[in-house]
Amino acid sequence: MIKYIFKELEMKNAIIFHGGGSSNNSFWYPYLKKELVKRGYRVWLPYLQSQDDLDLKKFLPWVLKNGKFTRETVIIAHSDGCPLTLAVLEKINIKIKQAILVAGYATPLSPPVTNKTLKAHYDWQRIKSNVKEIVFIHSDNDPWGCDIKQGKYLFKKLGGTLIIRHGEGHMGSSKFNQPYKKFPLIIPLIENKLWG
């Protein structure tokens with residue numbers, strides 16, 4: 001029984017947080033879930049119902065209650081899912097394996113974004129202490145403002161790895177007609193195969 005519980009706690013698991021104004025069936029999220037399941041991950045891709053950016057007051061308690069966070073957890077987040085991830089990393093009491101934040105932000109964006117997902121202040125040291133590896137992926141032409149400036153800000157606060165992609169926009173946006181159905185870069189990042 002004890003061995004079974006230990007295996008359950010240490011099983012590879014991934015959590016994928018979609019952005020605001022989308023769903024868990026949008027963009028590259030189903031593709032990533034399928035690819036991770038093939039590699040033996042248990043994947044949680046919750047639907048965070050929202051008409052615009054996600055409301056942290058609503059979703060943070062729900063995620064903390066329903067998510068499973070272990071030393072083998074990988075969180076992949078897009079857009080509004082990124083500030084949600086930062087808030088999660090502030091609250092958990094375990095050091096997870098990895099967080100990959102795609103087109104994220106930690107300072108207010110311009111309207112029409114309502115910035116309901118942002119906190120006024122973050123405990124950057126606590127966030128750093130709760131994740132072994134953190135990767136930021138940004139584009140040089142993000143139409144929502146989740147651009148290189150946001151990536152550099154996050155990198156300055158948390159270290160890790162900053163990847164800048166040329167001409168990739170928001171890497172998934174209905175408003176800006178960026179369907180972005182696949183995101184093959186993420187798998188080698190998770191498997192630590194990107195760097196050779």
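The values are calculated or read from the model by the stated rules, or taken from the named source; none is laboratory data. The model shown is predicted, which means the values in this text are computed figures rather than measured ones. Neighbour counts run over all protein chains shown; Cβ positions are idealised from the backbone, glycine included.
Worth pointing out:
- Residues within the stretch 138-164 that are among the hydrophobic types (A, V, I, L, M, F, W, C) and touching a Ser or Thr at 6+ places or on another chain (Cβ under 9 Å), tallied: 5
- Residue satisfying all of: in the stretch 104-137; at pLDDT 95 or above and touching an Asp or Glu at 6+ places or on another chain (Cβ under 6 Å); surrounded by the fewest Cβ atoms within 10 Å (Cβ to Cβ) among these: 126
- Selected residue [of a type outside the set (Ser, Thr, Tyr), out of contact with any Pro (no Cβ under 7 Å at 6 or more places or on another chain) and closer than 23 Å to residue 91 by Cβ] from 148, 134, 164: 134
- Here the stretch 152-177 is the region considered, the condition is being of a type outside the set (D, E, K, R) and without any contact (Cβ under 8 Å) to a residue 24 or more places away in the chain, and the residue that is surrounded by the most Cβ atoms within 10 Å (Cβ to Cβ) is 155.
- When the stretch 31-87 is filtered for residues that are of a type outside the set (A, V, I, L, M, F, W, C), assigned to a helix (DSSP H, G or I), more than 16 Å from residue 118 (Cα to Cα) and more than 14 Å from the chain's Cα centre (by Cα), the ones remaining, listed by number, are 31, 34, 35, 38, 65, 66.
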